[in-house]
1. May I ask you to list the residues in the range 56-89 that are over 17 Å from residue 114 (Cα atoms), of a type in the set (Val, Ile, Thr) and within 19 Å of the chain's Cα centre (by Cα)?
2. I'd like the full set of residues that are of a type outside the set (Asp, Glu) and surrounded by fewer than 18 Cβ atoms within 10 Å (Cβ to Cβ), limited to the range 64-79.
3. Just give me the residues in the range 242-285 being among the acidic types (Asp, Glu), within 16 Å of ligand 2 (Cβ to nearest atom) and crowded, with 22+ Cβ neighbours inside 10 Å, in sequence order.
4. What is the number of the single condition among (1) in a helix (DSSP H, G or I); (2) surrounded by 24 or more Cβ atoms within 10 Å (Cβ to Cβ) that residue 142 does not meet?
5. Mind counting the residues in the range 98-145 that are hydrophobic (A, V, I, L, M, F, W, C), more than 16 Å from ligand 1 (Cβ to nearest atom) and without any contact (Cβ under 8 Å) to a residue 60 or more places away in the chain?
6. Just the residues that are touching a residue at least 40 places away in the same chain (Cβ under 8 Å), part of a helix (DSSP H, G or I) and surrounded by 13 or more Cβ atoms within 10 Å (Cβ to Cβ), please, taken from the range 84-97.
7. Buried (at least 23 other Cβ atoms within 10 Å of the Cβ) and either small (Gly, Ala, Ser) or away from ligand 2 (no atom under 13 Å from the Cβ) (or both): is that true of residue 168 in this structure?
8. Restricting attention to the range 1-50, which residues are crowded, with 18+ Cβ neighbours inside 10 Å and either in a loop (DSSP other than H, G, I, E, B) or over 23 Å from the mean Cα position of the chain (by Cα) (or both)?
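Every number in this text was worked out from the coordinates using simple rules, so none of it is lab data. All values derive from a computational prediction rather than experimental measurement. Heads up, the Cβs are rebuilt from the backbone with ideal geometry, glycines too, and the neighbour counts pull from every protein chain shown.
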Amino acid sequence: MPRFAGPGTMMRLPAWPTDQPLDASLDVGFVGVPLDIGTSHRPGARFGPKAIRAESSLLRPHNMLTRAAPFEHLQVADLGDVAINTFNLEKSLVIIESFYDKLMSHEIKPLTLGGDHTIVLPILRALARHYGPVGLVHVDAHSDVNEAMFGEAYTHGTPFRRAVEESLLDTARVVQIGIRGSGYGDDDLAWPRGQGFRIITADECWGQSLVPLMAEVRAMMGAGPTYISFDIDGLDPAFAPGTGTPEIAGLTTPQALQIIQGCSGLNLIGGDVVEVSPAYDTTGNTALTAANLLFEMLCV
Ligand code: MN
Ligand code: MN
């Protein structure tokens, strides 16, 4: 079958039949979460999973840079999309959490195609119920630690504030990389630092190899369970324009690879790429990049 033909699953993997219960034969499951009702600016991330899957058809099984060959070691399937309720955010969070609880009960590691960043909260709830508080490698232009947005607790700008309040994170093992742009005040940086997060602003990354930083991150994460949450707006809009809240002067695509490849050897329990909004992605490069970042996560 030509790579561009056939069913549009992630990396052309088998689709797990929706009428068949999950079982422990799977090591990793790709999951789409087509939710964008938590966004504050440009919408459209509900179409992210479909676009990422479409661009992923080009991905072959071997990683030519790291020599990783994940399918020689792991059973992987596309578990389809979570059936969110697009008219009700809080109900959707319950639906998402229950989906990931099922993955946890079979020790299946999730790699998630977002969806806006609100979805990381129910994912972290399910992970923390299984593993206890988790370490976090968070790439983003934004800290996503607002107390509220328009008075609402559950939005794409608040998930990590809620996660701290709910003790889902091991706050001494949280790093946020790529933070920049305009914010609402000093609290955007002061609050997460006060919780013990390590913040790496984008200017600390400009023109730098991130290989030394990732050695520090690996030491910080140790052997504890660690999750990767990658907001595509961590990248510069030159590389990833198709997103809801773009910020100039971001990370490069090679730096994104250095971050994910630098997680090799950690006790990784899953990851996501969120905030891909295909309507603003005229070339498909944003979705292509997201597909590749998910592949790199699978490789580590
Ligand atoms: Mn962001
Ligand atoms: Mn975010």
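1. 76, the sole residue that qualifies.
2. Matches in the range 64-79: 64, 65, 66, 67, 69, 71, 73, 74, 75.
3. Within the range 242-285, 272, 275 meet the criteria.
4. (1)
5. 3
6. 89, 92, 93, 96
7. The answer is yes for residue 168.
8. 9, 13, 16, 26, 34, 35, 36, 37, 38, 39, 44
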